[in-house]
Amino acid sequence: MQDEASMLIMQADNRFVAGDTAAACEIINRAHLISSGWKAKTHWALFLLRQKEYAAAIKLLDEALALTPPQEKRAMINWLDIRNDAMLIMHLRMRMTAGTGPVLRDDQSKPRDMWETTAVADIAAQLEDGAPGQMDIVFFHVAWKGQHPFLKADDAVDYRKILIAACTAAHRASPTARIVILTDKTSELAELPDWVHLVRVDVLAQEMMFSRLRAYRALSLSRRLKGPVLFLDTDICLNRDFAPLLNGAFDIGLTYRVDTWHMPLNEGVIIALNAERAAAFFDMDLDIYEWIASHEFVAQRYGFNVKMWRGGQLSLGALIDWNFPPAAPADLVMGGVRCRMLPCDDFNYNVKITDDPATFATKWAVHFKGAQTKKLMTP
């Protein structure tokens, strides 16, 4: 019985990846009827979460946690985290659908506040106009000296070395693009290549992810960007030039992952047709980000200010109302901005420590997430 249920679970996973959500749900339901153990319940809960059936999924996860053997402690911790994430997203969506969600600004071309006005002027003073049609590849780097919530003390990472490797890969993949690094007023970056354009902005290291989004928008409003723009995490290396993708079919390209239902969009790669569309998109994202960060139950879920970590992924998920391929279309329009979701597996590949380099050499962009994989990055 258990073997039959396991085979059905594998079949359901394959059907979901193929885009046949209805068949996947029907198969996983059969698996649950055959075996009502904790493994079947957790898999069925994951399918319900992908369908945004949060209450039913939470009920199943509670049942699964009660049945999980004590020796499966790691699994219990993992499923408890998933259950708590489900509660978080359910509460956020309830507020959004009840009319108490974020209010998006009407005029996205105007600065949001005095900080943005000053930042736009600072950027314009430091960066020359790009050549007409020239792609800009933008990184954000701020030296962080505090305790990282996801890294151990022995997982030391030289982020300046990582940044140089990312810039070098971008320059190699897109030799005609301009490489721009947005940073704060104090981070030491003297060893950067001379073809990198360093722009300093008054940002808060303790609100790193939120500050990055604000800096992205300020740069987009500076009128210095004259072509398409690629916004990248500093632990991403390009293998190919993204410019051919930006043919006018969409305004913003986002990368999605099918295995992370509550944060389906990874903000490590954001593609913009031009600066105007980028500014409009980031304005919507900031409205949602601020709204999410204003809720105490969000901070309680993670134990830290989500303007430092997590909030960027949550805001992107909320922006698309957690609808993503294969269960939803890859193209959608938000506030007049045409967005296309591209698979992470091709355009933002998550490198594994066990990967053969030939595996990720064929990808458009590769993401060296985690301390161990970052050590694989070389200039």
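Search the structure for amide H atoms under 5 Å from the amide H of Ile179, placed 1.01 Å from N in the peptide plane, and list their residues when 5 or more places away or on another chain.
Residues meeting the amide H criterion: Ile137, His197.
Residue by residue through the stretch 314-324, which ³J(HN,Hα) values in whole Hz follow from phi under the Karplus form 6.51 cos²θ - 1.76 cosθ + 1.60 (θ = phi - 60°), with glycine and proline marked x?
With coefficients 6.51, -1.76 and 1.60, one gets 5, 5, 5, x, 5, 4, 9, 6, 6, 9, 8 Hz.
Report the local net charge at Leu92: Lys and Arg +1, Asp and Glu -1, summed over other residues whose C-beta lies under 13 Å from its C-beta.
My count for the surroundings of Leu92 gives +2.
What's the center-to-center distance, using Cα atoms, between the stretch 296-311 and the stretch 203-254 in Å?
Each part's Cα centre sits 24 Å from the other's.
Please enumerate, by chain and number, the lysines with C-alpha under 27 Å from the C-alpha of Lys59, excluding those fewer than 8 residues away in the same chain.
Answer for Lys59, where 27 Å is the Cα cut-off: Lys39, Lys41, Lys73, listed by chain and number.
In degrees, nearest 10, range 0 to 90: what is the angle between the Cα axis of helix 159-173 and the longest Cα principal axis of the chain?
Roughly 80 degrees, rounded to the nearest 10.
GluC sites (Glu not before Pro) within the stretch 70-134: which are DSSP loop residues with at most 10 other Cβ atoms inside 10 Å?
Qualifying residues, ordered by number: Glu128.
Using only the alpha-carbon atoms, how far is helix 54-67 inclined from the longest principal axis of the chain? Give it as 0 to 90 degrees, nearest 10.
Approximately 60 degrees, to the nearest 10.
Set the Förster distance to 30 Å, then compute FRET efficiency between Thr97 and Asp259 from the Cβ-Cβ distance, nearest 0.05.
Rounded to the nearest 0.05, the efficiency is 0.75.
Sorting Trp79, Trp44 on the 10 Å Cβ count, fewest up front, what's the list?
Trp79, Trp44
Which whole-Hz ³J(HN,Hα) couplings does the stretch 254-264 yield from phi under the Karplus relation 6.51 cos²θ - 1.76 cosθ + 1.60, θ = phi - 60°, glycine and proline marked x?
Going residue by residue, I get 10, 10, 10, 10, 7, 9, 10, 5, 8, 9, x Hz, with x marking Gly and Pro.
Full extension from Ala55 to Thr359: what is 0.36 nm times the residue separation minus their Cα-Cα distance, to one decimal in nm?
Fully extending the segment from Ala55 to Thr359 adds 105.6 nm.
Give me, ordered by chain and number, the residues 5 or more places off Val203 or on other chains with an amide H under 5 Å from its own placed amide H.
Residues meeting the criterion, in which the H sits 1.01 Å from N, are Lys185.
I'd like the orientation of helix 2-17 relative to the chain: the angle between its Cα long axis and the longest Cα principal axis, in ° from 0 to 90, rounded to 10.
30 degrees
In whole Hz, with x marking every Gly and Pro, tabulate ³J(HN,Hα) for the stretch 120-134 from phi via Karplus 6.51 cos²θ - 1.76 cosθ + 1.60, θ = phi - 60°.
Ordered by residue, 3J(HN,Hα) equals 4, 5, 4, 5, 4, 6, 9, 10, 7, 4, x, 5, x, x, 6 Hz.
Arranged by the count of other C-beta atoms within 10 angstrom, fewest first, what order do Ser109, Ser187, Ser211, Ser315 take?
Ordered from fewest to most neighbouring Cβ atoms within 10 Å, Ser109, Ser187, Ser211, Ser315 come out as Ser109, Ser187, Ser211, Ser315.
With labels modelled as points extended 7 Å from the Cα through the Cβ direction, what inter-label distance (nm, one decimal) is found for Glu296 paired with Met7?
Distance between the two pseudo-spin positions: 5.3 nm.
Between Thr118 and Asn323, take the C-beta separation as r, use R0 = 51 Å, and let me know the FRET efficiency to the nearest 0.05.
FRET efficiency, Thr118 to Asn323: 0.90.
Which is farthest toward the positive dipole end of the chain among Ala66, His91, Val258, measuring Cα position about the Cα centre, with Cβ charges +1 (Lys, Arg) and -1 (Asp, Glu)?
Going by the Cα projections, it comes out as Ala66.
Once a ≥ b ≥ c are taken as the square roots of the eigenvalues of the Cα gyration tensor of the stretch 22-86, is the result rounded (a/c under 1.5), prolate (a/b larger than b/c) or oblate (a/b not larger than b/c)?
It is oblate, given that a/c is not under 1.5 and a/b is not larger than b/c.
Indicate the gyration tensor shape class of the stretch 174-232 (rounded, prolate or oblate), computed on the Cα atoms with a ≥ b ≥ c the square roots of the eigenvalues: a/c under 1.5 is rounded; otherwise a/b larger than b/c is prolate and the rest oblate.
The shape class here is oblate.
Relative to the present Cα-Cα distance, how much length would full extension add between Ala18 and Ala371 at 0.36 nm per residue of separation?
The span from Ala18 to Ala371 would gain 123.9 nm if fully extended.
Quick one: length gained pulling Arg105 to Arg240 fully straight, 0.36 nm per residue minus the C-alpha distance?
45.0 nm
Asn29 to Asn78: FRET efficiency via 1/(1 + (r/R0)^6), r the Cβ-Cβ distance, R0 22 Å, to the nearest 0.05?
Calculated transfer efficiency: 0.45.
Among all the lysines, which ones have a C-alpha under 21 Å from Lys185's C-alpha, if same-chain residues fewer than 8 places away are not counted?
Candidates past the 8-residue exclusion: Lys145, Lys161, Lys307.
I want the local charge near Asp20. Using Cβ-Cβ distances under 13 Å, sum +1 for each Lys or Arg and -1 for each Asp or Glu among the other residues.
0
Shape of the stretch 111-270 from its Cα gyration tensor (a ≥ b ≥ c, root eigenvalues): rounded if a/c is under 1.5, otherwise prolate when a/b > b/c, or oblate?
rounded
Need the C-alpha centroid separation for the stretch 66-135 versus the stretch 331-362, integer Å.
18 Å
Only the coordinates and a few stated rules stand behind these numbers; no lab work does. The shown structure was predicted, so the numbers you read here are calculated from the model rather than taken from an experiment. When we count neighbours, we look across all protein chains shown, and the Cβ atoms used for this are built from the backbone with ideal geometry, even at glycine.
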